[in-house]
Every structure is written in C-alpha cells, then in structure tokens.
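The values are calculated or read from the model by the stated rules, or taken from the named source; none is laboratory data. Computed from a prediction, not measured in an experiment: that's the story for all the values here. Backbone-built Cβ (ideal geometry, glycine too); neighbour counts: all protein chains shown. The accessibility values were calculated without ligands, DNA or RNA, using every heavy atom of the protein model including side chains. Shrake-Rupley method; radii C 1.70, N 1.55, O 1.52, S 1.80 Å.
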Amino acid sequence: MAVLGLLGVTLTGCGEGAVPEAAHTPAAVDTPAPRASTTAAARPKPGAGPAAAPTMAPGPNGLTPVYTRRAAASPRSAEKVVALTFDADMTADQGPRAARGERFDNPELIATLRRLEVDATVFMTGRWAEEYPDQARSIGSDPLFEIANHSYSHHAFASPCYGLPAVAGPDMAADVRRAFDAFRDAGALNVVPYFRFPGGCYDDAALRALGPVGVTAVQWDVVGGDAFAKDADAVAEQVLDGVRPGSLVVLHCTRSAAPATERAVRRIVPELRDRGYRFVKVSELMRG
C-alpha cells in the first residue's frame, strides 16, 4: 500500500500491507485445535478474564502458538461467523502527542459497535489503557467486547518491522505482562489471554520468549486497510471482499491514524449480516 512509508507514525505496520522478512505468515487453514483452558500466568489477576476463554497448546519446545482463522478442517468451518478485531494502538513514547491533543482513542467507533450490537475483540496496548483508563474499563466491562493484549509499548518483537523500535528479547515477556497489569489497574474485567504482535511481526525467538506468559498469539486473514485511510468505502470493500466463514479481520481503534474506520464499520456490519454472517469475539471463533 502507498501508506506503508507512513506507518511508523502511529499504527506502525498493524496488519497493513506486506509482512516484513522477520515475520511469519501462518497458513490460515492449518491452525491447530485450541484447548479450552486459560493459563493463569497470562491473566491479569483472578477475576479479570472469562474463565472459559480457549487457548491453544504450546508448539514444539514451548513456542507460543499462533492463531489466524478458524481452520477449514473444523467441524464448524462452514458456519458464517466472522471476528472483527480492533487494534487500540499507542506507543510508549506518544504521551507528549496525546498531551498536545492527538487522539489515539475512537469512542465513536465503540459507540457504533454498541449501537449495532457487534461482538468484537479489542487488542489494546498497555500505554493506551493508561492514557484512557475510563474507556479501557468501559470496554472491558461490556459483554459485547473482550480485551486482548497488544503489548505495553507497541514496539517490535522482531526486526525489521515498519521502522518500529525493537523490544529486546529478555524484555518481551515483561512488556506483555506490563500491559496486562495496565488493564487490571484500569479496572477492565473481560480480559482474555490473547496477544497480537505489534506490526504483526514475529519470529521463533519472539514465540520462544513469550512461551512462559501462556498467551496465544492472534493474527488475521483479512486486512482492513484502514490505517491512514480516508475513504471509508474502500476500507469496507476490502473487508467485504476478503471475508470468508471463520475469518478474522484486523482494523484499528485509533481516531487520529484510522479516521475512516467507524464509517466503514457502519457499512461492513449490515452488508455482512445480509450475507448471513454473525459477529463473534476471537474467543468464540477459537472455541469453534
């Protein structure tokens, strides 16, 4: 996409365009079966997340498992369900920009999802939760939504990654746990043990580093293309063209850098419902 050169500004590489060399792209149809358990280490304290949120078994040598979409071999693979996910991005060093009035939240988008009664998963950075604790608590207390982890810092877990600064390997697990702590401190309740790599960038070293945290990494098979987009119809058409039964869509919940998302959602939701689709959170998609 033409905006790739700009992605380092705010939504650096979050699901947009080509995947850097350091990143994996898991096959959408080969996702291993999840297990219906929640790892205590991944949860931000007792009572902070749905006990039945399914996770996937670790890979070889304890590698963090990666989920992309409902596997085609699943008994429910033909069911017309789709998971809309929204990355609430804010990097650790963007506090001064927020203080000057830049908005990294998008309350209008959350209000639209509520009005349309759309289940969704918000992948939130810990820094975002610190900047907008009331919104984090509200989202995390609403049964329509679940909050998943998008790191604390929104720095890269593998390089190169769209110009993002990198998290050192020994600090990766602590960065993820710090985000869970931020959700807990904000009072968010519906927190699930899922993690999305900033920029979608990861390698085996990152998967190994996060093994002790007990999360399932969640990617996507449909890119919304909303980062820095101004044409809501173009975003909507990209999603509508890509969705298949069991799809997982990545969009953004950051007003300053994804200003067309809310308008796109107003078109995406009714058109997919007209096609017979039902909206689910990632935990329900994975459970299938």
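Side notes on the structure shown:
- For the range 45-121, the set of GluC sites (Glu not before Pro) satisfying both a DSSP loop assignment and a count of at most 11 other C-beta atoms within 10 Å is given as 117.
- Between residue 278 and residue 116, the distance separating the two model label sites (each 7 Å from Cα on the Cα→Cβ line) works out to 1.8 nm.
- Under Karplus coefficients 6.51, -1.76 and 1.60, residue-wise ³J(HN,Hα) of the range 183-200 in Hz, glycine/proline x: 5, 4, 5, 6, x, 6, 9, 7, 10, 10, x, 10, 9, 10, 5, x, x, x
- The solvent-accessible area of residue 93, taken with every protein chain present and a 1.4 Å probe, is close to 110 Å².
- Placed amide H near residue 124: partners under 5 Å, 5+ positions off or other chain: 88, 148, 149, 150
- Sum of side-chain charges, residue 157 neighbourhood, beta-carbon under 12 Å (Lys, Arg +1; Asp, Glu -1): -2
- Candidates per trypsin sites (Lys or Arg not before Pro) in the range 190-240, loop by DSSP, up to 11 other Cβ within 10 Å: 230
- In plain terms, the chain from residue 234 to residue 108 could stretch by 43.4 nm, reckoned as 0.36 nm per residue minus the Cα-Cα distance.
- The string of couplings for the range 58-66 from the Karplus curve (6.51, -1.76, 1.60, θ = phi - 60°) is x, x, x, 6, x, 4, 4, x, 10 Hz, one whole number per residue in order, with x for Gly and Pro.
- With the convex hull of its Cα atoms as the shape, the range 235-288 has an orientation-averaged projected area of 3.9 nm².
- Phi angles across the range 150-161 convert, under the Karplus curve 6.51 cos²θ - 1.76 cosθ + 1.60 with θ = phi - 60°, into 3J(HN,Hα) values of 10, 5, 7, 8, 6, 9, 6, 9, 7, 10, x, 8 Hz, Gly and Pro given as x.
- Once the mean of 1/r is taken over each pair of separate Cα atoms and inverted, the range 190-243 shows a Kirkwood hydrodynamic radius of 13.4 Å.
- Shown here: the range 65-187, whose C-alpha atoms stretch 46, 34, 26 Å along the first, second and third principal axes, sorted largest to smallest.
- In Å, descending, principal axis extents of the Cα set of the range 195-288: 41, 33, 18
- Percent of Cα pairs in the range 54-102 per distance bin of 5 Å, from zero to the largest separation: 4, 13, 12, 14, 13, 12, 10, 9, 8, 3, 0.
- Computed log₁₀ I(q)/I(0) - Debye formula, equal Cα scatterers, no solvent, the range 112-265, q 0.14 Å⁻¹: -0.72
- The range 129-173 - Rg over Rh from alpha carbon coordinates, Kirkwood radius: 1.11
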